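Chemist: The structure follows.
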Amino acid sequence: AQGNPRISGQPTRAARWRDALRQSFVAVLLPPAPAPEQISSSASHNAGTAQGPQMSQGKAILLALLFGDRQYLNQQTLNNFAAATLVHSLALSGQHLTVAGLVGLLCVLTAARVRPGIYLRRPRAVWILLATVPPAMAYLWLGDAPASLLRAAVMLLFLAFYFLQGRPRTTLDVLCAALLCISVASPLSMLDTGLQLSVLCVAVIGMSMPWVRVLAPEPEAKTHRLPDNLPDSLAGNPTGWLQKRQIRRALWAMLRIFLVSLAIQVALLPLNMLLFNNMGHWFWLNVLWLP
């Protein structure tokens, strides 16, 4: 308000719908307004100073994740996210599309229960990608399409197209195709800091995964059949063997997240120091936060 912003032009119908939905969501999250008697009684104690209802930080984070609206986040919360190098979870990007895509995954699993024959027409991965596109596009509109979220949505569309054609591509292939489309449609978006950080993170993930597979190879495949070379000490206790295998797989998954987070942090270190003056010593918290 101190900057005296001015609004000109007319919003589109989709923008009006989105803002109306956001305002309704904010009205639900905010505590109810005090009664007039309470306002008059508090005004006598505060000498005419009035404050509106304050939203809790948990609800403010939910609003930021759904609509990209951070105005209710206080500076302490933002500082904590930045110090723990978890601020990327507030910037709407591919991981949020993944959460939205869980709706498509559940739809595919439900449809396969009713008609298992759908897997004879298309592989399950193709069905999941196709079912992920509608909720992802809905979330792209809901989040007001920031550059990082737009990058993830375009990559998802290319990935679904490649899988439909039966020509899977690597992460870097899909990333470069998405960047080509974005740069042609909106060249100035290449100067967006959010897009630059998002692209760099995805590129590091694509380049580091082959090394991660070597440094942290995947344990044995998930199966309930006991191996033939099982030691005699475990042969009489198959439940203990299954529990140990599950623990190993959980530790392996956490190690992969740690290695990828370490690679991303090393690649982002120059930009973090230049833009945010933050080295991110607590990046390992992603091991607990991302799952």
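Chemist: Only helical DSSP H runs with n ≥ 4 go in: add -39500 (n - 2.57) per run for the chain, normalise by residue count and round the 222 nm mean residue ellipticity to 500 deg cm²/dmol.
Modeler: About -21500 deg cm²/dmol.
Chemist: Could you state the accessible area per residue of the chain in Å², with a 1.4 Å probe and every protein chain left in place?
Modeler: Here the per-residue accessible area is 65 Å².
Chemist: Starting from the Cα of ASN277, move 7 Å in the Cα-to-Cβ direction to define the label point; list residues of region 68-86 whose amide nitrogen is under 19 Å from there.
Modeler: What the label zone holds, given the 19 Å backbone N cut-off, is 75-86.
Chemist: In whole Hz, with x marking every Gly and Pro, tabulate ³J(HN,Hα) for region 194-211 from phi via Karplus 6.51 cos²θ - 1.76 cosθ + 1.60, θ = phi - 60°.
Modeler: Working through the residues one at a time gives x, 5, 4, 5, 5, 5, 5, 5, 5, 5, 5, 4, x, 7, 8, 4, x, 5 Hz.
Chemist: If I model a spin label as a point 7 Å beyond the Cα along the Cα-Cβ vector, how far apart are those points for ALA1 and THR171 in nm?
Modeler: Inter-label distance under the simple model: 4.5 nm.
Chemist: Here is a follow-up. What's the extension gain from ARG245 to LEU21 if we count 0.36 nm per residue and subtract their Cα-Cα distance?
Modeler: 76.0 nm
Chemist: Region 57-167: Rg/Rh from Cα coordinates, Kirkwood Rh?
Modeler: Checking Rg against Rh, the ratio lands at 1.09.
Chemist: Next up: Using 0.36 nm times the number of residues separating ARG115 and VAL184, minus their current alpha carbon distance, what extension gain do you get?
Modeler: Gain on extension, ARG115 to VAL184, equals 20.6 nm.
Chemist: I would also like to ask the following. With the chain treated as a Gaussian network of Cα nodes joined by springs under 10 Å, which of ALA15, ALA160, ALA147 yields the largest mean-square fluctuation?
Modeler: ALA15
Chemist: Still on this structure, please answer the following. Hey, rough spin-label estimate for THR193 and ASP69, points 7 angstrom out along Cα→Cβ, what's it come to in nanometres?
Modeler: About 2.4 nm, to one decimal.
Chemist: If you don't mind, another one. Can you give me the solvent accessible area of CYS176 with a 1.4 Å probe, rounded to the nearest 10 Å²?
Modeler: Accessible area, nearest 10 Å²: 90 Å².
Chemist: If you don't mind, there's one more thing I want to ask. With springs only between Cα atoms under 10 Å apart, run a GNM on the chain and tell me which of ILE264, ILE118, ILE128 wobbles the most.
Modeler: ILE118
Chemist: Keeping the other protein chains in place, figure out the carbon and sulfur percent of the accessible area of the chain, with a 1.4 Å probe.
Modeler: Result for the chain: 65 percent of the exposed heavy-atom area is carbon or sulfur.
Chemist: Can I ask one more? Could you give the distance between the Cα centres of region 98-168 and region 264-285, to the whole Å?
Modeler: Their Cα centres are 32 Å away from one another.
Chemist: Rank LYS244, LYS59 by accessible area, highest first, at a 1.4 Å probe radius?
Modeler: The most accessible residue leads, giving LYS244, LYS59.
Chemist: Please compute the modelled spin-label separation between PHE258 and GLN57, points set 7 Å along Cα→Cβ, answer in nm with one decimal.
Modeler: 2.7
The values are calculated or read from the model by the stated rules, or taken from the named source; none is laboratory data. Just so you know, these numbers come straight off a predicted model, no measurement behind them. A quick note on method: Cβ atoms are made from the backbone with ideal geometry, for glycine too, and the neighbour counts reach across all protein chains shown. Accessible surface is based on the protein model in full, side chains and every heavy atom, while ligands, DNA and RNA are left aside. Shrake-Rupley method; radii C 1.70, N 1.55, O 1.52, S 1.80 Å.
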